[in-house]
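A short reminder: the numbers here are calculations on the coordinates, not readings from a lab. This is a predicted model, so every value here is computed, not measured. Ideal geometry is used to build each Cβ from the backbone, glycine not excepted, and the neighbour counts take in all protein chains shown.
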Amino acid sequence: MKKLSIAYTPDSDDVFNYYAWEKGHISTGPSDYEPSFHRNHIIDLNRDALEERFDVVAVSSVFYPQVADKYWVLCVGNSVGRDFGPALVSKNYKTPGELAGKRVAVGGHPTTGSGLALMFCPGIELVELPFDAIVDA
């Protein structure tokens, strides 16, 4: 039996895609593959993709061009769409232009969120924080 390594983030959208399969709640039918599942932060998965550590791996949209020669994009599992994906929130500023020269917390770099923040808010300083610490920053 061939091994198939699958790595994804612990974010709810990724877990939704793999949980039932990983926990044996659904069957994929007869297969020549034995899957192994791994969860990690998107920054670590981006690095893992560079090293080709997994057969299937979640990566940031803005990072994908760096591994496009090694991986294909699947038709399922993306986390960016209209009204869904990275969001920029502020308690004190109302427009992207007001953020120039300010520190902006992101879950990591390069990630889709950090790439979009730099694109729409030129002149910001990115500060990496764990996702669950950003709201209180």
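A run of the chain free of exposed loop cleavage sites, with trypsin sites (Lys or Arg not before Pro) counted only in DSSP states other than H, G, I, E and B and at most 15 other beta carbons within 10 Å, reaches its longest extent at 103-137. When you restrict to C-alpha pairs under 8 Å that are six or more residues apart and normalise by the size of segment 1-76, the relative contact order lands at 39 percent. Take every pair of alpha-carbon atoms less than 8 Å apart whose residues are at least six positions apart; their mean separation over the length of the chain yields a relative contact order of 22 percent.
Count the lysine pairs in the chain whose Cα atoms sit under 27 Å apart, keeping only pairs 8 or more residues apart in sequence or on different chains.
Details: 2/23; 2/70; 3/23; 3/70; 91/102; 94/102.
Summing the qualifying lysine pairs gives 6.
Among 101, 77, 29, the largest mean-square fluctuation in a Gaussian network model of the chain, built with springs joining Cα atoms closer than 10 Å, belongs to 29. Specify the residue with the greatest mean-square fluctuation among 78, 92, 17, computed from a Gaussian network of the chain linking alpha-carbon atoms under 10 Å apart. Its mean-square fluctuation being the largest, the pick is 92.
Which percentage, to the nearest 5, of the DSSP beta bridges contained in the chain is antiparallel? Antiparallel bridges: around 5 percent, rounded to the nearest 5.
Quote the Stokes-Einstein diffusion coefficient, in whole µm² s⁻¹, for segment 2-66, based on the Kirkwood radius over alpha carbon pairs, a temperature of 4 °C and a viscosity of 1.567 mPa s. Show your work: numbers first, answer last.
On the way: Rh = 12.5 Å.
Value of D from the Cα-based Kirkwood radius: 104 µm²/s.
So which chymotrypsin sites (Phe, Trp or Tyr not before Pro) in segment 1-77 are both in a DSSP loop and have at most 12 other Cβ atoms within 10 Å of their Cβ? Listed in order of number, the matching sites are 72.
Provide the FRET efficiency to the nearest 0.05 for the residue 87-residue 19 pair, computing r from the beta carbons and using R0 = 22 Å.
With R0 = 22 Å, the Cβ-Cβ based efficiency is 0.35.
With Rg and the Kirkwood Rh both taken from Cα atoms, where does Rg over Rh land for the chain? Please list the in-between numbers first.
Values: Rg = 17.3 Å, Rh = 16.7 Å.
With Rg and the Kirkwood Rh in hand, the quotient comes to 1.04.
Placing R0 at 30 angstrom, the Cβ-Cβ distance between residue 78 and residue 32 gives a FRET efficiency of 0.65 after rounding to 0.05.
Restricting segment 1-103 to GluC sites (Glu not before Pro) that sit in a DSSP loop and have at most 13 other Cβ atoms within 10 Å of their own Cβ leaves 51, 52. 3J(HN,Hα) along segment 60-72: 5, 4, 6, 8, 3, x, 6, 10, 4, 7, 10, 10, 9 Hz, from the Karplus curve 6.51 cos²θ - 1.76 cosθ + 1.60 with θ = phi - 60°, whole Hz, x for Gly and Pro.
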